[in-house]
Structures are given as C-alpha cells and as structure tokens.
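Read through the structure below, which is laid out as structure tokens, and then see the notes.
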Amino acid sequence: MPITLPRLKCISLLNSLPKQTSIKNNNNNIKQIHAQLITSNLNSPKLLSQLINLYSSTSTNPNFLNSIFYYLHTPHLFLFNTLIKCTPLNHSIHFFKTNFSKQLFHFDHRTFNFIFGACARSPSYTTLILGTELHSLIIKQGFETSNVLVPTTLIHFYANNRDVKSARKVFDEMSERTVVTWNAMIAGYCSVKDGNQKNAVDGLCLFKEMLSDVRPNDTTVVCLLSAASQLGMMEIGVCLHGFAVKMLCKVEDDVFIGTGLVDMYSKCGCLESALYVFWQMKLRNVLTWTAMTTGLAIHGRGEEALGILYKMGDDGVKPNETTFASLLSACCHAGLVEEGLRLFRDMERKFGVVPQIQHYGCVVDLLGRNGNLNEAYDFIVAMPISPDTVIWRSLLSACKIHGDVVMGEKVGRFLLKFKEKSYEEFAHKSEDYVALSNVYASAERWNDVEVVRKKMKTKGVFNKSGLSSVQTLSNDSL
C-alpha cells in the first residue's frame, strides 16, 4: 500500500482489508485509512462503523475505539451500538454504563440486544444487577413485546447468570417465540447443573412443549443430549439420536450433534456406540476428540484413549489445555497412574501445550490417590509455578486416606502457616484446621487433635455445622 492514498481510495479499501491475514500490516493500513477519512472530512457513521469493526479485529486498545465515537460532534446511536458489539466484553459494559448515565439518546432494540449479549458472555453479580435494571427499562419502553430478539437475548442473559427462574418468567410472558427462543430456554436448563438434576428434567419437559409450536433444529438436539448425559438416561439419548437422523440430518455430517452423541454415549457407559459415532463422523473438532478420549479414560481404557489422542494430529486437530485437563482428571478417577504421567510428560514435549496449575493439580491428585505421597510431595516442590492451596489440600486429603500422619502433619502445618500470612478474610476459614485434625484423629493422636482444636478457638476459627436436605419431586415434575 502506498504511503499516501488518493482521497476516496480509502473507502474501497475499508471493504478489502479484512481479507488480509497479517494483523500488523492490517493495523498499519487501517491507520492510514483512518487518517485519510479525517483529512478528507469523511465522517459518515457508516464509514466510521466499518473502521471500528476493522480496529476491533486487530485487538487495538478499546480507548482508541472510543475516540472514533467521540470524533462526531453529535453522538450517533449507530456508532454507539457498533462499539457495544465490537469492543471487549468488560469494556463494552463499562462504555454502556458510562454513556447510559449521560442520556445522550434513546436506545433501540439493537442496543439492548448487544448489551444483554455482552452481559451474558461475562456472567457475574454486577452484570446480573445491570441486566436486571435494564430489564425494567425495556419493559417501560415496550421492547419486551415489540421485538422477539430482545427477550430471547434476555433469556440467554439470565440463564448464563444462573438465574433460570427469571429466564423462565421472561419465556412464559412472550407472546411470540422462535426456535432460537426455545433453544435459549432449553440451553439454560441444560447448562445450569443444580446437583439434583431438576433443571435437566425441566429442559426435556420443555422440549415436549416445543414440538407443538416450532420445529427443533440441531442446536436443540445438542442441548438435550447434554441433559440426557447429566441424567445418565441413555434411552433418551438414543431417542434423540433417532430423532436427529429422521428429522434433521445424517449425524456423521454434523460435527455438533456427532460430538454431543459421543459425549452422551461415553458418559452413559456405552463406549462401543460412542466409538461407532466417532469414527463415522466426517469432521471432528477438538471437542469431539476430547469427549471420546475422556470417555475411554474414565472407564479404564487408558491405553486406547492415549492411542486415539496421538491420532488427533492426523486429523489436523491439535489438543488444547482443556483436552489435557479432562484426560488427566479421567486418568485420576480411573486410577491410571502410568498413563496419566505419560500424558503429562507428553503435553509440552509432543503437543506443545504448556501445563497450567490445573494440570499439575490433576497429577498430584493422581499420585495421592494411588498412595505415592512422597512422589506427589516431590512433584509439588519441583513445580515451575507456585502451587496453590488446592494442590496442598489434595495431598493432605490423600495423607488422611492412606494414613501417612508424618506427611500429613508436614503438609497441614504448611497450610496453616500459609493461611496466617494470607488475607484476613481467608484466615478464619476452618477447612485446613479440620483436615489436619482429621489426619491426627485417623492415627488416634488425640492430644494433637486437642492442640489443633484449641488453636482454632484461640484464633476465632469456627467449623461450620453440617446440614442435610431432602428434596421431593412430584409426579408432575417428572
């Protein structure tokens, strides 16, 4: 690209730049186009919106994008919506909150759609509060009934923030629903794992209602396969498999449905069906390979799982951090010590994936469960990154299980020293004191138990009382 551009050449280049692959060169070219737009006084909101889209693809500082918005003397809603859509999540939420208080203009349905989407992808207590306040605003302005996209995104927002009850209230109040709306609510039920599996059941019940309103699609089936996996009900998964084949597509042609089936069959213990679907698939992504290898490993077929893992490269797929975390965890629960250690050694050496704290934690848990406590301790000490308290607690728990009081005492005292140096709000938690006390109790060293309990009392550390609850489900909820 020349140093100086013809006056109107920059307009045509706005459309051609995304096709270039070099981010560095792209960024330089965007800046030249930006300069030409300014010098030529080309301040059309549409052109500036395209410029924001280009800048956001090169990971430019979000504050720089703000300057494009404020370049216009009169703020423009179209540019505002583009910034909410394109900037990083935290910045887009902050940008919205800042300008919301200024009341520069009336927002349209796109504004609410984009901000609810940003809040859904960045779930937290603060975003839940913001979204709830905006929900009241859209009711006042009538967007909840005038546009189906806004309440659909609102359902997605509430579900991602684990407020399924509010999501269902929005869903029930909608007069018009699309397949995307139904999928958002079903996905909300299936993604919030509440421990008693009620949400998964509610998701399946909602599917029955959906059949009388709209035609389900592949996203619907993927969500429901997750529910069947949570419930461990392979008969439901098999019915969904048949429904997908009869009504939607060949499952071997759809990587998402295929991956969902592999995951469902693996979790339900039907590995042969999982392997059949896996090898029949024409396209497999990293999630497909992760689901299959993890399923094999967690059912004790570690060598077969590793064999499939090493074939990933032949399919043009590279395992990621999640793949190894899932596999190491499976090896841990299946007691596959040698396979797990081999996998950890090959992570960086063969696959180029640098181990993170969760991978080290899996190895410590793997060694601890097998009784290799000294090896686990040496492994922690030799870690290139600082071990966290979760790793030390994992080893302390293994010491109690295997009755190694000497090692347990060493680890327990280390945790208590670490706790005393930590922030005050963490210093009054009782789990480490109780864990060390249990190690002493398992060896019938009651005097040491008394010392630990007295230390807890002196420091004002109290153990929380245990609670039990029983939840009954009526026949109507099943």
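The values are calculated or read from the model by the stated rules, or taken from the named source; none is laboratory data. Given the structure is predicted, the values throughout are model-derived calculations rather than measurements. Don't worry about glycine lacking a Cβ; one is built from the backbone with ideal geometry, like all the others, and counts go over all protein chains shown. Note: accessible area is taken over every heavy atom of the protein model, side chains too, but ligands, DNA and RNA are not part of it. Shrake-Rupley method; radii C 1.70, N 1.55, O 1.52, S 1.80 Å.
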>> Using the Karplus curve 6.51 cos²θ - 1.76 cosθ + 1.60 with θ = phi - 60°, what ³J(HN,Hα) values do you get for each residue of segment 129-142, in whole Hz, with x for Gly and Pro?
In response: 5, 4, x, 5, 5, 5, 4, 4, 5, 6, 5, 5, 8, x
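At a 10 angstrom cut-off on C-beta neighbours, averaged per residue, how do the peptides 109-115, 353-359 rank from highest to lowest?
Working: 109-115: 21.6, 353-359: 15.9.
Ranking the peptides 109-115, 353-359 by packing returns 109-115, 353-359.
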> Once the dipole of segment 245-343 is set up with Lys and Arg at +1 and Asp and Glu at -1 on Cβ about the Cα centre, which of G316, V286, G260 lies farthest towards its positive end?
Replying inline: G260
>> Spelling out what I want: for every residue of segment 203-212, take phi, set θ = phi - 60°, compute 6.51 cos²θ - 1.76 cosθ + 1.60 (Karplus), and round to whole Hz; glycine and proline get x.
In response: x, 5, 5, 5, 4, 4, 5, 4, 4, 8
>> Run the simple label-point estimate for E272 and N90 please: 7 Å along Cα→C-beta, distance reported in nm.
In response: 5.2
> From the cross-link list K267/K311; K165/K246; K311/K350, which pairs have alpha carbons spaced over 24 Å apart?
Replying inline: K165/K246
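Give me the dipole magnitude in Debye, nearest 20, for segment 85-192 about the Cα centre, with unit charges on the beta carbon: positive for Lys and Arg, negative for Asp and Glu.
Numbers: 11 positive and 7 negative charges, 49 e Å.
My answer is approximately 240 debye.
Could you give the length gained by full extension between T126 and S101, i.e. 0.36 nm per residue of separation minus their alpha carbon distance, to one decimal place?
Working: separation 25, 0.36 × 25 = 9.00 nm, distance 1.65 nm.
Computed gain between T126 and S101 is 7.4 nm.
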> Can you list the residues, at least 5 places off or on another chain, whose amide H is less than 5 Å from the amide H of V353, using H built in the peptide plane?
Replying inline: E348
> Based on Cα positions only, what radius of gyration and what Dmax would you give for segment 207-328, in angstroms?
Replying inline: 14.4, 47
>> Can you give me the solvent accessible area of W279 with a 1.4 Å probe, rounded to the nearest 10 Å²?
In response: 120
> Largest first, how would H91, H402 line up by accessible area (1.4 Å probe)?
Replying inline: H402, H91
> Roughly how big is segment 218-316's charge dipole about its Cα centre, with Cβ charges of +1 (Lys, Arg) and -1 (Asp, Glu), in debye to the nearest 20?
Replying inline: 80
> Label points 7 Å out from Cα along the Cβ direction at R215 and I139: separation in nm?
Replying inline: 3.6
> Separation between the K246 and K350 pseudo-spin-labels, each 7 Å from Cα along Cα→Cβ, expressed in nm?
Replying inline: 4.3
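Between T322 and R162, what's the calculated FRET efficiency when r is the beta-carbon distance and R0 is 22 Å? Round to 0.05. Numbers along the way, then the final one.
Details: r = 21 Å, r/R0 = 0.95.
For T322 and R162, the calculated efficiency is 0.55.
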